[in-house]
Amino acid sequence: MRYDVIVVGAGPAGSVTARFAAKRGAKVLLLERRAEIGIPVLCGEGVSQRIDKWNILESKNWIANKLDGAKIFSPDGTKVTLSKEMAGNETGYVIYRDVFDKELAHLAGKAGAEVMLRSEVIGLVKEGDKIKGVKVRRMKEDFEIEADIVVGADGVESKIGRWAGIDTTVKPNDLETCVQYTFSNVDYPTDYGEFYLGKKIAPGGYIWVFPKGDGVFNVGIGILANFSKPGLALKLLNAFIEKKLPDFKKGIPLRLLAGAVPVAKPVETVRDNLLLVGDAARHADPITGGGITTSLEGGRIAGEVIGDAVEKQRFDRERLAEYEKRWKEAFGQKLLRNYMVKEIMLDFDDKTLNMLADSLKDYSFEEFSTLSLLKALVLKHPTLLMKLKPLIKLSEKKMEKKI
Amino acid sequence: MVKHKAKVDERECLSCGGCISVCPVDAVFMKNLRAFVDQSLCIGCSICVNTCPIGAISLEE
Ligand SMILES: Cc1cc2nc3c(=O)[nH]c(=O)nc-3n(C[C@H](O)[C@H](O)[C@H](O)COP(=O)(O)OP(=O)(O)OC[C@H]3O[C@@H](n4cnc5c(N)ncnc54)[C@H](O)[C@@H]3O)c2cc1C
Ligand code: SF4
Ligand code: SF4
């Protein structure tokens, strides 16, 4: 078996890469080890509404709810509100992530990519140092498939990167370790996303509440792994629900998931015959842990660059570096800025967080984004947030909207 | 000195992949969609043990 491109992992990043490469005429194989795309869901299911503008999805079946805005609570309960009225009506969706992932894989198939389930990649095929394809385990059978380009879209675990010699090991201070419940039958009338901060509530992370509509909610926690102890994330979430979210205690638990999000600096993303996309490339936002938008944006760029490479029959690092150049233009600066903000925020104690929240509790934000929050903070606290200032300036030129 | 090795309780594991991404010596794999430690590679650093959000990994002798 031989393909131009093998994409490993049919999450959003892999499916979008496969689709845009196939659209440009490449012969693409998309390999997924799961038996059903999108299942199990490992996601909070919140995404910025600006993905509407990208025309990557065709249906609306994946939309569960539209947010009215976000409420951020400091440790003492002081509330900062970003509402849709202030933000020009553009906020975020809560999605059915399994439906979302299936639609993206469907569209990859429609563009001409071949999709294979229950096919786990267990190694790279190499000739000397040169990557020639992948080793696959499929229903107890092991075999090799050759390709000119291998794409690692294998998520936070990313073995593909490691096998290709890229150090993708995530440091504990760069990983959010998470658990999330989905509850139904909850009497908690809000269409705002809620975020709870505090060293005791969620060290190095936050607790979120996302309304899916009709009394269904995702309630989850992410904490930095360097503050984690065995099972701590689950214990903290249970304790918080018990104490602060009594309405959810009466809800019916439909789902419990564990998850991990890299909140790291991006790694090297191209080698000869190889690219990394999505979480495998560490493209999730270091502040929010959101990685859907960058998976779509980065996946499209990767697919287009691969399409060109196949046309020109050039698979060397120099040719593929176009991908790295373009994703850096699209969102590289934002990732770097938010990584630095994450590091600065870690130094704030609960008292400082309360003080910052208090100063923003009546603030009118210009848009629904972390950037507009950061700008407001710098405006109000120029000395405390001195280190943030140049970072905000950098990104002024290119305003990016993001939950 | 007794050497400790990590072990995943596969009945507990919810396959989030966190332990795999943080292991400094690449000793953790997905096997039948559950995390699995290759104890011949494990150096007993306990990073994965602390990372697991539901406490499904422990160190054993
Ligand atoms: C608890 C939690 C909450 C989150 N909440 C949000 C949120 O609200 N909003 C947001 O934008 N982001 C959120 N994220 C992040 C988001 O889920 C990821 O950034 C996103 O899934 C990345 O997409 P991906 O395609 O790179 O990887 P994934 O979606 O992880 O897909 C990787 C795919 O590769 C497959 N695979 C892996 N290894 C192999 C192999 N060897 N062979 C074959 N197949 C393989 C996997 O089975 C999987 O299907 C959250 C993450 C977690 C854990
Ligand atoms: S961190 Fe825990 S739940 Fe996640 S894959 Fe590893 S053992 Fe399983
Ligand atoms: S204890 Fe350390 S070396 Fe052993 S599997 Fe866990 S992270 Fe890897």
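Looking only at residues in the stretch B:23-40 that are touching a Ser or Thr at 6+ places or on another chain (Cβ under 8 Å) and within 10 Å of another protein chain (Cβ to nearest Cβ), the one that is nearest to ligand 2 (Cβ to nearest atom) is B:ALA35. Set side by side, the residues B:ILE43, B:ILE47, B:ILE20 differ, and just one is at the interface with chain A (Cβ under 8 Å from one of its Cβ atoms), over 25 Å from A:ARG137 (Cα atoms) and touching a residue at least 12 places away in the same chain (Cβ under 8 Å), which is B:ILE47. Would you mind finding the one in B:LYS3, B:LYS7 that is more than 10 Å from ligand 3 (Cβ to nearest atom) and not hydroxyl-bearing (Ser, Thr, Tyr)? It is B:LYS3. Note on the stretch A:1-30: residues that are over 18 Å from the mean Cα position of the chain (by Cα) and either within 16 Å of ligand 3 (Cβ to nearest atom) or within 14 Å of chain B (Cβ to nearest Cβ) (or both) amount to 0. Taken over the stretch A:137-166, the criterion of being part of a strand (DSSP E or B) and closer than 23 Å to A:VAL310 by Cα is satisfied by A:GLU144, A:ILE145, A:GLU146, A:ALA147, A:ASP148, A:ILE149, A:VAL150, A:VAL151, A:GLY152. Selection of helices (runs of 4 or more DSSP H) fully inside the stretch A:213-329 by the criterion of at least 2 residues being β-branched (Val, Ile, Thr) and away from chain B (no Cβ under 14 Å) returns A:292-312. Scanning the stretch A:150-191 for residues that are crowded, with 24+ Cβ neighbours inside 10 Å and over 26 Å from A:ARG271 (Cβ atoms) yields A:GLU176, A:THR177, A:CYS178, A:VAL179, A:GLN180, A:PHE183. Which condition from (1) closer than 24 Å to B:VAL25 by Cβ; (2) buried (at least 21 other Cβ atoms within 10 Å of the Cβ) is the one that A:PRO230 breaks? All conditions are met except number (2). Taking the residues in the stretch A:174-201 that are more than 10 Å from chain B (Cβ to nearest Cβ) and polar (S, T, N, Q) as candidates, determine which candidate is nearest to A:GLY38 (Cα to Cα). The qualifying residue nearest to A:GLY38 (Cα to Cα) is A:THR182. Only one of the listed residues (A:LYS27, A:LYS23, A:LYS53, A:LYS71) is surrounded by fewer than 21 Cβ atoms within 10 Å (Cβ to Cβ) and not assigned by TED's automatic domain parsing to the domain that holds A:VAL125. That residue is A:LYS71.
The values are calculated or read from the model by the stated rules, or taken from the named source; none is laboratory data. Since the structure is predicted, the reported quantities are computational estimates derived from the model, not experimental observations. All Cβ positions, even for glycine, are placed from backbone atoms using ideal geometry, and neighbour counts span all protein chains on display.
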